[in-house]
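Below is one structure; the comments refer to it alone.
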Amino acid sequence: MTAPNVEPSPSTIAAAGARPACVPRRSACAILALSALAALAIAVPAAGKEAPPKAASGDLSGSWSGGGWVSFSSGNKERARCRAHYSRAGANSYNLSATCATPSGSASQTADVYQVSPNRYRGSFHNAEYNVSGSIRIVVSGNSQSVSLAGEGASAALSLSRR
């Protein structure tokens with residue numbers, strides 16, 4: 001049962017066949033968008049699964065998945081699960097597309113990141129659906145990565161592992 005004067009979550013709206021309306025809840029949408037990116041960034045190998053072959057140090061190419069936390073400007077925090085795919089854009093840069101889900105809903109976004117040291121990347125992300133942008137930082141360690149996102153009063157921290 002929904003509490004009085006509380007807007008339905010984006011997943012509830014989507015289940016009803018409507019597009020989520022985030023104008024009045026811009027900070028919540030920003031956080032959801034951040035969680036999608038953050039999930040891209042932090043890697044934790046799944047228990048019971050054999051680790052994929054080790055990629056070149058700092059290489060982001062390919063698919064990653066994992067999860068972490070999103071902190072909303074309201075002070076609320078939610079767990080997030082994400083899937084991300086990196087494509088090489090240049091000698092030291094990548095294009096990223098990611099989708100993340102929290103109990104409040106899901107969001108997809110894109111990012112462009114560039115290498116700042118052997119295992120560190122920085123860049124910017126954008127969620128076109130909610131018109132939310134911000135910064136992303138990634139630290140790669142073998143087949144895992146830590147991702148942090150910030151923008152529009154929200155932040156996210158994720159761990160991802162190579163799929």
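Computed from the coordinates by the stated procedures, all read-outs in this text should not be read as laboratory data. Computed from a predicted structure; not experimentally measured. Glycine also receives a Cβ, built like all others from the backbone with ideal geometry; neighbour counts cover every protein chain displayed.
Observations on the structure shown:
- Computed 3J(HN,Hα) for segment 127-142, one whole-Hz value per residue from the Karplus formula 6.51 cos²θ - 1.76 cosθ + 1.60 where θ = phi - 60°, is 10, 5, 4, 9, 6, 10, 10, x, 10, 9, 10, 10, 10, 9, 9, x, glycine and proline marked x.
- In this rough spin-label picture, where each label sits 7 Å from Cα along the Cβ direction, the ASP59-ASN92 distance is 1.9 nm.
- Taking amide hydrogens as placed 1.01 Å from N in the peptide plane, the amide H of ARG163 sits under 5 Å from those of SER63, TRP64, SER65, each at least 5 positions away in sequence or on another chain.
- Per-residue ³J(HN,Hα) for segment 81-94, Karplus 6.51 cos²θ - 1.76 cosθ + 1.60, θ = phi - 60°, Hz, x for Gly and Pro: 10, 9, 10, 9, 9, 10, 10, 5, 9, x, 4, 10, 9, 9
- Here the Debye sum runs over all C-alpha atoms of segment 117-158 as equal scatterers in vacuum, and log10 of I(q)/I(0) at q = 0.16, 0.33 Å⁻¹ comes out as -0.44, -1.13.
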